[in-house]
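These notes concern the structure reproduced below.
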Amino acid sequence: MTSTPPGLYTIRIKGRLGATALSAFPTMVAVVDGSDTVLTGSLRDQSAVFGVLAQIEALGLELLELRQIREPSKSPESADNRSPDAGYQ
């Protein structure tokens, strides 16, 4: 099994979570988006990701989406090879 690198994650949960449910995710920032709650926060490794997923399951919440937001590489080689509008058309 490969380990998940540390990073910023967004987790979409069905429904609007109350203060009690949100207290189970103290390191995450919650935003209501329509009828869903989106948690965003930094998770240090794969075990932290699974820990949050276990909390969601233990609370009986419905997971809609888990997404890792990858930050661009900060290596000098990758910065030199990209134009300012790379990836946009």
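The values are calculated or read from the model by the stated rules, or taken from the named source; none is laboratory data. All values derive from a computational prediction rather than experimental measurement. Every residue, glycine among them, receives a Cβ derived from its backbone with ideal geometry; neighbour counts consider all protein chains shown. Just so you know, the surface numbers come from the protein's heavy atoms only, side chains and all, with ligands and any DNA or RNA stripped out. Shrake-Rupley method; radii C 1.70, N 1.55, O 1.52, S 1.80 Å.
Miscellaneous remarks
- Among the residues making up the range 1-18, those that are modelled with pLDDT under 95 and either basic (Lys, Arg) or open to solvent by 90 Å² or more (accessible area, probe 1.4 Å) (or both) are 1, 2, 3, 6.
- Answer residue from the range 33-56, given it is open to solvent by 70 Å² or more (accessible area, probe 1.4 Å) and touching a strand residue (DSSP E or B) at 6+ places or on another chain (Cβ under 8 Å) and is modelled with the lowest pLDDT among those: 42
- The range 19-31, residues that are open to solvent by 40 Å² or more (accessible area, probe 1.4 Å) and either over 15 Å from residue 65 (Cα atoms) or touching a helix residue (DSSP H, G or I) at 6+ places or on another chain (Cβ under 8 Å) (or both): 19, 20, 22, 23, 26, 27, 29, 30
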